[in-house]
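Worksheet for the structure shown next.
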Amino acid sequence: MLICEGLSKTYDTDRGPVAAIRGVDLTVNAGRYAAIIGRSGSGKSSLMAMIGGLSRPSAGCVKVAGTDLWSLGADARARFRARNIGYVFQFASLLPTLRALDNVALPLLLDGRGQGARERAAALLEEMGLGAHLDAFPSEMSAGEQRRVVIARALVGDPVLLLADEPTSDLDEETEREIMGLLERANRARGTTLVLVTHNLALAAQAEQVIQVADGAVAP
Amino acid sequence: MADASGARLLLARLALQNLGRRRIRTGLLVAAVALSSAIAFAGAVIMRSIESSMSVGFSRLGADLMVVPLDALTHLTAALLVVEPSDSTLPADLLATGKAPGIARAAPQRVLRTDRSGIGTHGESVDLIGFDPLDDFTVQPWITERLPGAMGPRDVIVGSARTARLGTELVLFGTPFRVYGKLSATGVGTHERGIFLSSNSLLALAPAIQTQTGTLPPMLRPDRVSGFLLQLAPGARELQVRFALLSHHPQIKVVAGGSLLTGIRQGLSALLSGAVVLVALMFGSTAVMVGVLFSAIVSERRAELGLLKAIGARRGQIIGLTVLEAMMATAAGGVFGVVAGALLLRLFERSLVFHLTQMGVPFLWLDRLDMALSAGLCLVAAALVGMVGAFIPSLRASRREPYDLVRGDG
């Protein structure tokens, strides 16, 4: 279960503090598919970054599977992220010098769980339809293939929470459908809680729970 | 354990691959460090070789000052100071009680000229020179051949004009001695045919000498010496030391050696120290350059570092990755630098050293172990330059929130 209580984020700028997120409370039950929607600049990516333990909130707390993320130290939080949260960013977030297989195995290797990491990565890539691309470098793959590698990497640690921030914004419609299909399958088949950040209302319509963010707050 | 080493191996691979991504930049970094390392390695070896050559060469030049009794004769050559044998003596503790500042080393000598030592068949005159092997810096540097081991109480060193072979027996006043070493030609008569033994050994001969000659020469009394040879401390002025000595001991004569040579000795010592500082500064500036470069590299790779943090890389791993990358590049530079430095040394050997040797100026290279140590030190220094240079940028990156890095903020 994902719980946010009184979550706020204020950025210090040259023109003074700017509140990106203001006192957000939300709950997403375990295994659910939730979509966070809002216009550009509404604060939805900032909200996702705090939920994912990537950006420290100015106030409030985030609990993932009962653990208060921001009460952990930096290294403990990094370990928690590696073991419990998968990310799909809105850009092709693969390390260009690593093959697809190593990119997928990376979270396990960094977390010191190298035993069987590559076998697990290979199985996931097969599952994503990339069995023939295990040794391919990112530059040798299409945008859709790269995004599928990213999804495989997000799932390699069997996370309880999968966060996807505009995962299809730069893809064509057919590839978008493929990618969303993979994310939804992970949610249904694995029971992974899926939180999708999007400004695409059609995609959000597929979610079981829609959270609308406007001006840094959750709209009622 | 195996998993942790797997993570380290992965980071090492990533670091190596990162270097391969920007080959020209990596090449320039390696070249810059190689240049510094080559200069440092070749410079260190040459400096230390010069230093050891100097220590032999300058010690062969003798003392800076000599302290003798007021009425003693002295024989001053351009390179060496020799006390002429006489019955005038000084107290053995003269410099111990009133040692003037500016004296680095003081070597007492006892010089006895005798024709009754038993050497030769026709009452050959010979100078027996008693010195303290521990304090000596004017006799032993001239040894060209010696027996293994330290000089013992029954050992003597003979001048170059003597034909006695090493290990053979030489009888002085009825006491057998072993020829332990032989001096090379000094150009000074006293030394060419002299016999050098420790002061204690010479004093031990006193009863036999008294029996043979009927008198006890004054320099054979334990509390007397013929004179002292002095070496000035770096920075000490000859005139000041001489004045200080004379003001305390009016009964002595202070004779100066070649003041030009003293100046060269002191100046070269200062120059060598300055060169060491320059090498340190060069490595320091390379470290700053690596720091600037890695600030730019970290800035360029913010998104990647943010991604690594997002998927679980800990602070130590982020620092390790960046520092390792820098260390790999600078250590590679160190390896190339040592190789280039070795080539420079070869060039130096075939040019300047060859000419010096032709001119009869000795140039003593460091031995292989010291040279290998210098190479190793250069490699370590080069790797440290990478570590120091990349540490601050990587530390800063490791402290940033992953989201800020991914967005490319800051």
**OP:** For A:PHE80, work out the one condition from (1) buried (at least 20 other Cβ atoms within 10 Å of the Cβ); (2) under 30 Å from A:ALA122 (Cβ atoms); (3) touching a helix residue (DSSP H, G or I) at 6+ places or on another chain (Cβ under 7 Å); (4) modelled with pLDDT of 90 or more it doesn't fulfil.
**Re:** (1)
**OP:** Being touching a residue at least 24 places away in the same chain (Cβ under 8 Å) and under 13 Å from A:LEU161 (Cα atoms) is the filter; apply it to the range A:51-76 and report the residue that is surrounded by the most Cβ atoms within 10 Å (Cβ to Cβ).
**Re:** A:GLY53
**OP:** Select from the range B:285-334 the residues that are of a type in the set (S, T, N, Q) and under 45 Å from the mean Cα position of the chain (by Cα) and write down the one among them that is surrounded by the most Cβ atoms within 10 Å (Cβ to Cβ).
**Re:** B:THR330
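Kindly establish whether A:GLY31 is in a loop (DSSP other than H, G, I, E, B) and either away from chain B (no Cβ under 14 Å) or among the hydroxyl-bearing types (Ser, Thr, Tyr) (or both).
Working: in a loop (DSSP other than H, G, I, E, B): yes; either away from chain B (no Cβ under 14 Å) or among the hydroxyl-bearing types (Ser, Thr, Tyr) (or both): yes.
Criteria met by A:GLY31.
Determine if the range A:132-139 includes at least one residue that is more than 8 Å from chain B (Cβ to nearest Cβ), under 13 Å from B:ALA310 (Cβ atoms) and not hydroxyl-bearing (Ser, Thr, Tyr). Spell out the reasoning first.
Quick first cut of the range A:132-139, residues more than 8 Å from chain B (Cβ to nearest Cβ) only: A:132-139.
With under 13 Å from B:ALA310 (Cβ atoms) added as a condition, the list becomes none.
The answer is no; no qualifying residue exists.
Answer yes or no as to whether A:LEU125 is within 13 Å of chain B (Cβ to nearest Cβ) and closer than 27 Å to A:VAL64 by Cβ. Step through it out loud before you land on a result.
Values: within 13 Å of chain B (Cβ to nearest Cβ): no; closer than 27 Å to A:VAL64 by Cβ: yes.
The answer is no for A:LEU125.
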Original post:
Taking the range B:1-40 as the search range and keeping residues that are out of contact with any Gly (no Cβ under 9 Å at 6 or more places or on another chain) and more than 14 Å from chain A (Cβ to nearest Cβ), which one is surrounded by the fewest Cβ atoms within 10 Å (Cβ to Cβ)?
Top reply: B:ILE24
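Looking at B:GLY360, B:GLY376, which is the one that is modelled with pLDDT of 90 or more and either away from every other protein chain (no Cβ under 14 Å) or touching a strand residue (DSSP E or B) at 6+ places or on another chain (Cβ under 8 Å) (or both)?
Working: B:GLY360 fails: modelled with pLDDT of 90 or more.
Answer to the selection: B:GLY376.
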Original post:
What residue, of A:ILE36, A:ILE21, is in a strand (DSSP E or B), under 27 Å from B:ARG315 (Cβ atoms), touching a helix residue (DSSP H, G or I) at 6+ places or on another chain (Cβ under 8 Å) and more than 10 Å from chain B (Cβ to nearest Cβ)?
Top reply: A:ILE21
Original post:
Quick one: how many residues across the range A:48-89 are within 7 Å of another protein chain (Cβ to nearest Cβ), of a type outside the set (A, V, I, L, M) and over 20 Å from A:ASP111 (Cβ atoms)?
Top reply: 2
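The values are calculated or read from the model by the stated rules, or taken from the named source; none is laboratory data. In this text the structure is predicted, and so the values were computed from the model without any measurement. Glycine also receives a Cβ, built like all others from the backbone with ideal geometry; neighbour counts cover every protein chain displayed.
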